[in-house]
Amino acid sequence: MSLVEWTLILAIYAQMAAGGDVVMDWPEVELPPIQQSGTASWYGDGSWHGDITANGEAFDPQQFTCAHRSLPFDTMVLIENPANGRRAWCRINDRGPYGYITEDGEWDFVVSSSPDINWRGILDMSIATAEALGTMEVGLQSVRLRYWTRSLPANFHLAVLNP
């Protein structure tokens, strides 16, 4: 144990020995708002380990990363599994999922970000993320995504940055 932990334990013991109540007043953690709900899948058996993701880094199934069709790379999302209450923070580093259901009810695959397509889900997760959320056995899982959106200043113009 560290010196800080021992100091905290001694302070709590001294307060209790003096007959006082020990109140742990932890600051409340502000969660980002729920921005999306939908189905999440995970990448599978890790056979893509080392492949290059859409943002240019090597895929590591043991890192807390995921694929989303439109969120900016490096966005941190809090994924909630409402079935068991588990949560995991994950970083967007790839694009997908791209599986969708055709009008005939069949599964197909297309690389697109169109909101008009009947997508299979909203997120593909790494194995580490799926394990943390308890979704390894079910494959597809209903999830909620929480994240803060970035807002640009009102006078922000991309053209000014790229003259």
*Looking at the stretch 128-151, which of its residues are part of a loop (DSSP other than H, G, I, E, B), in contact with a strand residue (DSSP E or B) (Cβ under 8 Å, 6 or more places away or on another chain) and not hydroxyl-bearing (Ser, Thr, Tyr)?*
Gly134, Met136, Gly139, Leu140
*Among residues belonging to the stretch 11-55 that are at pLDDT below 75 and closer than 22 Å to Trp89 by Cβ, point out the one that is surrounded by the fewest Cβ atoms within 10 Å (Cβ to Cβ).*
Trp26
*Which of the strands (runs of 3 or more DSSP E) contained wholly in the stretch 46-101 include at least 1 residues that are under 18 Å from Gly134 (Cβ atoms) and hydrophobic (A, V, I, L, M, F, W, C)?*
65-67, 76-81, 86-94
*Looking at the stretch 49-75, which of its residues are out of contact with any helix residue (DSSP H, G or I) (no Cβ under 7 Å at 6 or more places or on another chain) and under 23 Å from Pro115 (Cβ atoms)?*
Thr53, Ala54, Asn55, Ala67, His68, Arg69, Ser70, Leu71, Pro72, Phe73, Asp74, Thr75
*Kindly establish whether Ala88 is out of contact with any Lys or Arg (no Cβ under 7 Å at 6 or more places or on another chain), among the small types (Gly, Ala, Ser), surrounded by 15 or more Cβ atoms within 10 Å (Cβ to Cβ) and under 19 Å from Ser142 (Cβ atoms).*
yes
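The values are calculated or read from the model by the stated rules, or taken from the named source; none is laboratory data. What you see is a predicted model, and the numbers here were worked out from it, not measured in a lab. Note: ideal-geometry Cβ built from the backbone for every residue, glycine included; neighbour counts use all protein chains shown.
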